[in-house]
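Visitor: Before I ask anything, let me first share the structure, which is written out below as structure tokens.
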Amino acid sequence: MQRKKAAKLVWTQAWRRLHKKGQSETATKKRARRTNKVQRAVVGASLDEIKKKASQKSDFRAAQRSAAMKEVKSRKQSNKAKGGSKASKTAKPKSATFQKVPKHMGGSGKRAGTQR
């Protein structure tokens with residue numbers, strides 16, 4: 001005849017320990033520590049720079065962004081005006097000389113190379 005596990009018998013100390021009975025008066029619950037947020041410097045930006053940017057007003061940053069975008073657009077337009085004729089001349093001969101060469105894939109059907 002097999003014995004019963006002590007942890008399965010309700011009146012044993014093993015069961016009471018397993019189901020946390022009678023421990024409330026002996027020990028209090030451990031308090032968990034809260035995690036703290038820490039700011040760190042990132043590569044390319046020191047902590048002072050990051051704090052300075054965070055304290056700036058959002059409309060000020062938006063104005064800076066739009067000014068940078070305008071500057072980039074004007075630079076692109078000037079580049080187009082300078083090299084517009086050259087780009088069109090060089091593009092045509094390239095397409096005329098290019099020939100599509102078929103790939104030589106051996107076998108027949110979809111799974112030609114996978115079967116052994």
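Please treat every number below as a calculation from the coordinates, not as lab data. These figures come from a predicted structure and were not determined experimentally. Methodologically, a virtual Cβ is constructed for each residue, glycine included, from the backbone with ideal geometry; neighbour enumeration extends over all protein chains shown.
Visitor: Full extension from THR12 to ALA45: what is 0.36 nm times the residue separation minus their Cα-Cα distance, to one decimal in nm? Each step should come with its number before you reach the end.
Guide: Details: separation 33, 0.36 × 33 = 11.88 nm, distance 6.33 nm.
Taking THR12 through ALA45 to full extension adds about 5.5 nm, to one decimal.
Visitor: Okay, moving on. Hey, rough spin-label estimate for HIS19 and SER55, points 7 angstrom out along Cα→Cβ, what's it come to in nanometres?
Guide: Placing both labels 7 Å along Cα→Cβ, they lie 6.1 nm apart.
Visitor: Sticking with the crude label model, points 7 Å out along Cα→Cβ, report the distance from ALA81 to ARG33 in nm, one decimal please.
Guide: 6.4 nm
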